[in-house]
Amino acid sequence: MKIIKNIQQKFGEFVLKNKQKNVSRQIKAVGFDKALEIGVLYDATNRNDCETVKHFVNYLIEERKKVMALGYINSKDSSEIVKAHLNYNYFDNKNLSKICIPQGRDIESFINTPYTILIDLTTKPCFQTEYITTLSKARFKVGASGDYRDAACDLTISLTENKSMEYFIIQLKHYLKMIHN
């Protein structure tokens, strides 16, 4: 069964590479002070990470930013676990095509919204978040260094010491506050 999943994902990666060639966006480094709309993408499978993201999104809202968070839950049916609500949307394996590509109105909207900053909070390899980050029309993409994020993001932050989401968010705040334009 795992072999079939790997083959399906390889087809998905091929489709992503072809779509990536058609992505056009104006890249502009933006700090927190100038950011108006921020998209936050994360793996919502872990409940602790979800709580960390909620605190981070609340921080951004307190800073008067328009925020939309999109979480991927690696499960067949997450409707019992979480419900979409203001500033938060979720997708799970029901929202994936046969070749593991995320599909749906919320996902397409997230990809096509020209966020001032897209923050990819995933720290582990995840094709579903790779697909969204890579095709996003955001002006400035930020993520942890490593894996697909090195190619997809405009700014990557090294997490050699501590790979926790809390540490990543602290580093993210620090570096995005340093950018003035």
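Throughout, read-outs are computed from the coordinates displayed, never taken from laboratory work. In this text, all values refer to a predicted model and were calculated from it rather than measured experimentally. Cβ placement follows ideal geometry from the backbone for every residue including glycine, while neighbour counts extend to all protein chains displayed.
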Along segment 6-12, Karplus-curve 3J(HN,Hα) (6.51, -1.76, 1.60; θ = phi - 60°) to the nearest Hz, with x for Gly and Pro, reads 5, 5, 4, 5, 4, 5, x
Along segment 111-123, Karplus-curve 3J(HN,Hα) (6.51, -1.76, 1.60; θ = phi - 60°) to the nearest Hz, with x for Gly and Pro, reads 5, 8, 6, x, 3, 5, 9, 10, 10, 9, 8, 6, 10
Per residue of segment 28-43, in order, report the coupling 6.51 cos²θ - 1.76 cosθ + 1.60 (Karplus, θ = phi - 60°) as ³J(HN,Hα) in whole Hz, putting x for Gly and Pro. 8, 5, 9, x, 4, 5, 9, 6, 9, 10, 10, x, 10, 10, 7, 8
Calculated FRET efficiency for the pair Asp150/Asn6, C-beta based, R₀ 25 Å, to 0.05: 0.70
Report, by chain and number, residues whose modeled amide H sits under 5 Å from the one on Ala138, excluding near sequence neighbours (fewer than 5 apart, same chain). Tyr115
Would you work out which of Asn112, Ala151, Cys126 lies farthest towards the positive end of the dipole of segment 100-181, given +1 charges on the beta-carbon of Lys and Arg and -1 on that of Asp and Glu, about the Cα centre? Asn112
Tally Lys and Arg at +1 and Asp and Glu at -1 over the other residues with C-beta under 9 Å from the C-beta of Glu37: what net charge comes out? +2
For Cα Rg over 2.2 N^0.38 Å, the listed values are (1) 1.19; (2) 0.98; (3) 1.05; which was obtained by calculation from the structure presented? (2)
Counting only residues 5 or more places away or on other chains, whose amide H sits under 5 Å from the amide H of Leu70 once H atoms are built in the peptide plane? Val40, Leu41, Tyr42, Asn89
Using just the helices of the chain, give the 222 nm mean residue ellipticity in deg cm²/dmol: DSSP H runs with n ≥ 4 each add -39,500 (n - 2.57), and the total is spread over all residues, rounded to 500. -12000 deg cm²/dmol
Once amide H atoms are built 1.01 Å from N in the peptide plane, which residues 5 or more positions from Gly104, or in another chain, come under 5 Å H to H? none
With just the Cα atoms defining each centre, how far is segment 102-153 from segment 17-82? Give it in Å. 8
Please work out how many pairs of lysine residues in segment 57-164 are eight or more positions apart (or on different chains) and have Cα atoms closer than 25 angstrom. 20
